[in-house]
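Colleague: Just dropping this structure here.
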Amino acid sequence: MKKLALVAIALILIINVPFLMERIDYDNSNKNYELIIDSAEFNDLTLRYEQLNLSELAEAGLTGLALPADTIEDLIDKGQVAVWRSAEISTLPENLRRQLTAEELNPDSKGALLYFEEGIARRLENILGHWQEIYHVKSMGYNNGRFVLFPVWYEELEGLIPGYDQEFAAEASQLGLNIFVRMKNQPDSELNLALYEESLDLGAESVIFSGDEVAGFPGNIEENASFLNETGMKYGMIEPFIADQDGSREFAEVAPANVVRVHSIQQDEMEKYDVDRIVNRYVRAARDRNVRYLYLRGFPISRRGVDLAGKQRNLIAGISTQLEAGGFSAGNVSPLVQAGPANWRLASIVIAIILLLYLFTDKLFAYRMKTLVFGVLTAGFLVFSGILISLAPGDIFRQFLALGLAVLAPTISSFYIVDILAGKPAFKILQAVGISLAGSIFLNITLAETEFYNQIESFRGVKVAFLMPLVFTVIYYLLTEYEIRSLDDLIRESKKFLDLIIRLKHIVLAGFVLVGLIIYIGRTGNIPLIPVPAWEIVIRDLLEELLVVRPRFKEFFFGHPFLLLLPVIYKYFSYKFLGFFAVIMATIGQITIANSFSHLHTPLKISLIRTWHGYWLALPVAAAIGLAFYIINRLFVYYVEEGAE
């Protein structure tokens, strides 16, 4: 029956291969990108390097210009807007005060008078009418600029955006650059819609939000996102680990077919990183995570002693050259949309999970209980699936299936890994690897839809999927090692354990296990609690330079080498703890594979290549570890024999 279950799982994998090929073809045919520069930071650079212009950046490979979301507060800081409260009006020239009085523009104690310089005043044309309607402002032209009176002024109004630089946008468009707008959530939702309208008039293809929240947060997200649906304007969604803006996922859920993910870099990183490192980061974002908007920052003028204008050109040229060498094309970016697997494919995944449940119970439970436990687990799984399908959104059901696969596949793989210590190592390794890969691919198929593809939704069971297979592995190892086949056996061994005298070595060992567990869990996720050490970063960079797609560190450096060493440990080493340690490490490797395939924003081809590199690169690492074990063992035996003599 076990062989039939394994054959059935293989057949389910085979019938889903066409869907996998479609995924790979889709990824390969949607490799357009936009290389966008922040215009405010570009302008800052031109203050020092007057010869720097947009045309030479466009020739280097720049494809887009992002107009900043300059608020009144920003413009006050830049000296382009001035503010007077009622007590300060007396500081103005007398003739100007008379003009203001004639136009009824003198603020009282609640109001404020603002003056917008010429360039900013031109931006007001589209937004001023909305300010008049909402805030009852009055205005007057003066010296090519404009005075605007707010009868009531409060801090929130400093976040108002007076519009965008239309002349700069026109200049960029003439150079063939696409226009993008940055936008901050406005105090009134009507102003958000007005800014969208202005953006469309400028020919902007996408909006990328600034600040800590998206437009419309918290109460008008649907209205804002619906505007994008109606007009076809794209939503540039910044990767969550860079800027997890409030409301970003909710906004994307309303307009999922308009989402294009954005990668950027912090300004302080532009201060210290060299060009090659920044280039590699952007290229990886496009190649490894399907990011299509690459938002460039300007090198800060505080970075002294170098030709920043030249660096900016080299950065743009470096990114565009590497991307084009990798098969990418500049411009014409379309949102990445996945219809998801057909219902019959999801049904095949459900059958695969039931087969995995059978293998799970067959390995873990005694003969008399297998059928009962399998029946209960299968019935519970089907009933709960039916409830989710009937009552919950579709993505919840997919999450449930994915969690089952992320736990079951590495767990069953680990059972075969434990069996290696009991004989037939080569066949057991193949079974362990096969189950792990099949389950990981099933997981990837299950989550293959637009929301997961664009990180609107993400796999939510990461911590559980990292921990539970290890728990089941330890249980199965103990059952196998101590030959526990019945409740009486369990009681007997439990009594022995409780009678165990706790010694210092046990406390030290428990401490090591606890530290290892903390490091293991702390290193999961895009923003791990425990930072990556410098030596690992060096190895990562070297592997990326050699292989382009680097394998996961937990796979090739820790997990897979011990999987390959298990037959050697079984045959030549009699230390139980070494065997147990190797089993745990090998299981971590299989868990990490499932985690890799749960990242739907990573192209499927990249995940497959990464997994392949993880296995073959583990061979020399395993050889080095094996040699170290052999030398240590020989030295230990030698000193023991010397001591005996």
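Colleague: Check Ser173 against each of (1) open to solvent by 50 Å² or more (accessible area, probe 1.4 Å); (2) in a loop (DSSP other than H, G, I, E, B); (3) polar (S, T, N, Q); (4) touching a strand residue (DSSP E or B) at 6+ places or on another chain (Cβ under 8 Å) and name the one condition it does not meet.
Modeller: Going through (1) open to solvent by 50 Å² or more (accessible area, probe 1.4 Å); (2) in a loop (DSSP other than H, G, I, E, B); (3) polar (S, T, N, Q); (4) touching a strand residue (DSSP E or B) at 6+ places or on another chain (Cβ under 8 Å) one by one, Ser173 breaks only (2).
Colleague: Also, I was wondering about something else. Mind listing whichever residues of the stretch 42-69 are among the acidic types (Asp, Glu) and at pLDDT 90 or above? Outline the logic, then answer.
Modeller: Narrowing the stretch 42-69 to residues among the acidic types (Asp, Glu): 44, 50, 56, 59.
Within the stretch 42-69, Glu56, Glu59 meet the criteria.
Colleague: Tally the residues that are modelled with pLDDT under 85 and either part of a helix (DSSP H, G or I) or open to solvent by less than 10 Å² (accessible area, probe 1.4 Å) (or both), restricting the search to the stretch 575-600.
Modeller: Count: 4.
Colleague: Regarding the stretch 66-81, can at least one residue be identified that is assigned to a strand (DSSP E or B) and either more than 31 Å from the chain's Cα centre (by Cα) or surrounded by fewer than 16 Cβ atoms within 10 Å (Cβ to Cβ) (or both)? Show your work before the answer.
Modeller: Residues of the stretch 66-81 that are assigned to a strand (DSSP E or B), as a first pass: 66-67, 81.
Narrowing the set further to residues that are either more than 31 Å from the chain's Cα centre (by Cα) or surrounded by fewer than 16 Cβ atoms within 10 Å (Cβ to Cβ) (or both) leaves 81.
There is at least one residue in the stretch 66-81 that is assigned to a strand (DSSP E or B) and either more than 31 Å from the chain's Cα centre (by Cα) or surrounded by fewer than 16 Cβ atoms within 10 Å (Cβ to Cβ) (or both).
Colleague: Scan the stretch 148-161 residue by residue and report those that are surrounded by fewer than 16 Cβ atoms within 10 Å (Cβ to Cβ), more than 33 Å from the chain's Cα centre (by Cα) and either polar (S, T, N, Q) or assigned to a helix (DSSP H, G or I) (or both). Quick ask: steps written out before the conclusion?
Modeller: First, the residues of the stretch 148-161 that are surrounded by fewer than 16 Cβ atoms within 10 Å (Cβ to Cβ): 151-152, 154-156.
Narrowing further to those that are more than 33 Å from the chain's Cα centre (by Cα): 151-152, 154-155.
The answer is Glu155, and nothing else.
Colleague: Just to be sure before I move on: is Thr450 open to solvent by less than 30 Å² (accessible area, probe 1.4 Å), among the hydroxyl-bearing types (Ser, Thr, Tyr) and touching a residue at least 24 places away in the same chain (Cβ under 8 Å) in the structure I sent? Can you show your working first?
Modeller: Working: open to solvent by less than 30 Å² (accessible area, probe 1.4 Å): yes; among the hydroxyl-bearing types (Ser, Thr, Tyr): yes; touching a residue at least 24 places away in the same chain (Cβ under 8 Å): yes.
So Thr450 fits the description; yes.
Colleague: Looking at the stretch 448-459, is at least one residue closer than 16 Å to Phe360 by Cα and of a type outside the set (Asp, Glu)? Full working, then the answer.
Modeller: Start the filter on the stretch 448-459 by keeping residues that are closer than 16 Å to Phe360 by Cα, which leaves none.
No, the stretch 448-459 contains no residue that is closer than 16 Å to Phe360 by Cα and of a type outside the set (Asp, Glu).
Colleague: Hey, among the residues in the stretch 551-574 that are open to solvent by less than 50 Å² (accessible area, probe 1.4 Å) and part of a loop (DSSP other than H, G, I, E, B), which one's nearest to Gln322 (Cα to Cα)?
Modeller: Of all residues in the stretch 551-574, those open to solvent by less than 50 Å² (accessible area, probe 1.4 Å) come to 551, 553-556, 559-563, 565-567, 569, 573.
With part of a loop (DSSP other than H, G, I, E, B) added as a condition, the list becomes 551, 573.
Details: Pro551: 20, Phe573: 48 Å.
Per the criteria, the residue is Pro551.
Colleague: Right, next: For the stretch 105-136, which positions are of a type in the set (S, T, N, Q), within 18 Å of Ser189 (Cβ to Cβ) and part of a loop (DSSP other than H, G, I, E, B)? Give the derivation first.
Modeller: Taking the stretch 105-136 as the starting set, the residues that turn out to be of a type in the set (S, T, N, Q) are 106, 109, 126, 132.
So of that shortlist, the ones also within 18 Å of Ser189 (Cβ to Cβ) come out as 126, 132.
Asn126 - this is the single residue of the stretch 105-136 that is of a type in the set (S, T, N, Q), within 18 Å of Ser189 (Cβ to Cβ) and part of a loop (DSSP other than H, G, I, E, B).
Colleague: Taking interchain pairs and intrachain pairs at least six residues apart, which have beta carbon atoms under 9 angstrom, with the first residue in the stretch 384-412 and at negative phi and of a type in the set (Asp, Glu) and the second assigned to a helix (DSSP H, G or I) and open to solvent by less than 20 Å² (accessible area, probe 1.4 Å)?
Modeller: Matching pairs, first to second residue: Asp395/Phe452.
Colleague: Then there is this: When you go through (1) hydroxyl-bearing (Ser, Thr, Tyr); (2) surrounded by fewer than 19 Cβ atoms within 10 Å (Cβ to Cβ); (3) assigned to a loop (DSSP other than H, G, I, E, B) one by one for Tyr164, which number turns out not to apply?
Modeller: (2)
Colleague: Quick one: which residue in Leu382, Leu405, Leu356, Leu388 is within 19 Å of Leu13 (Cα to Cα) and either surrounded by fewer than 24 Cβ atoms within 10 Å (Cβ to Cβ) or touching an Asp or Glu at 6+ places or on another chain (Cβ under 9 Å) (or both)? Spell out the reasoning first.
Modeller: Working: Leu382 fails: within 19 Å of Leu13 (Cα to Cα); Leu405 fails: either surrounded by fewer than 24 Cβ atoms within 10 Å (Cβ to Cβ) or touching an Asp or Glu at 6+ places or on another chain (Cβ under 9 Å) (or both); Leu388 fails: within 19 Å of Leu13 (Cα to Cα).
Matching residue, one of Leu382, Leu405, Leu356, Leu388: Leu356.
Colleague: Please state which of the following conditions Glu324 fails to meet, knowing it meets all the rest: (1) assigned to a helix (DSSP H, G or I); (2) open to solvent by 60 Å² or more (accessible area, probe 1.4 Å); (3) touching a Lys or Arg at 6+ places or on another chain (Cβ under 6 Å).
Modeller: (3)
Colleague: While we're looking at this one, here's another question. Would you call Ala342 closer than 26 Å to Lys605 by Cβ and either without any contact (Cβ under 8 Å) to a residue 60 or more places away in the chain or surrounded by fewer than 18 Cβ atoms within 10 Å (Cβ to Cβ) (or both)? Quick ask: steps written out before the conclusion?
Modeller: On the way: closer than 26 Å to Lys605 by Cβ: yes; either without any contact (Cβ under 8 Å) to a residue 60 or more places away in the chain or surrounded by fewer than 18 Cβ atoms within 10 Å (Cβ to Cβ) (or both): yes.
Spelling it out, Ala342 is indeed closer than 26 Å to Lys605 by Cβ and either without any contact (Cβ under 8 Å) to a residue 60 or more places away in the chain or surrounded by fewer than 18 Cβ atoms within 10 Å (Cβ to Cβ) (or both).
Colleague: Do you know which residues across the stretch 413-447 are without any contact (Cβ under 8 Å) to a residue 12 or more places away in the chain and part of a helix (DSSP H, G or I)?
Modeller: Restricting attention to the stretch 413-447, the residues satisfying the condition of being without any contact (Cβ under 8 Å) to a residue 12 or more places away in the chain are 424, 427, 430.
Matches in the stretch 413-447: Phe427, Leu430.
One line per residue, one yes/no per condition, for (1) at pLDDT below 90; (2) in contact with a Ser or Thr (Cβ under 8 Å, 6 or more places away or on another chain):
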{"position": "Phe360", "(1), (2)": "no, yes"}
{"position": "Ala366", "(1), (2)": "yes, yes"}
{"position": "Leu382", "(1), (2)": "no, no"}
{"position": "Leu388", "(1), (2)": "no, no"}
{"position": "Ala392", "(1), (2)": "yes, no"}
{"position": "Pro410", "(1), (2)": "no, yes"}
{"position": "Leu447", "(1), (2)": "no, yes"}
{"position": "Asn454", "(1), (2)": "yes, no"}
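Colleague: Here are some conditions: (1) open to solvent by less than 30 Å² (accessible area, probe 1.4 Å); (2) polar (S, T, N, Q); (3) outside any loop (DSSP other than H, G, I, E, B). Gln455 meets all but one. Which one does it not meet?
Modeller: (3)
Colleague: When the stretch 85-104 is examined, which residues are found to be part of a helix (DSSP H, G or I), touching a residue at least 24 places away in the same chain (Cβ under 8 Å) and either farther than 15 Å from Asn143 by Cα or open to solvent by 80 Å² or more (accessible area, probe 1.4 Å) (or both)? Please lay out each step first, then the result.
Modeller: The first filter runs over the stretch 85-104 and keeps only residues part of a helix (DSSP H, G or I), leaving 86-91, 94-102.
Next cut, touching a residue at least 24 places away in the same chain (Cβ under 8 Å) only: 86, 89, 96, 99-100.
Passing the criteria: Ser86, Ile89.
The values are calculated or read from the model by the stated rules, or taken from the named source; none is laboratory data. These numbers come from a predicted model, not from an experiment. Glycine also receives a Cβ, built like all others from the backbone with ideal geometry; neighbour counts cover every protein chain displayed. The area values use the complete protein model at the heavy-atom level, side chains included, leaving out ligands, DNA and RNA. Shrake-Rupley method; radii C 1.70, N 1.55, O 1.52, S 1.80 Å.
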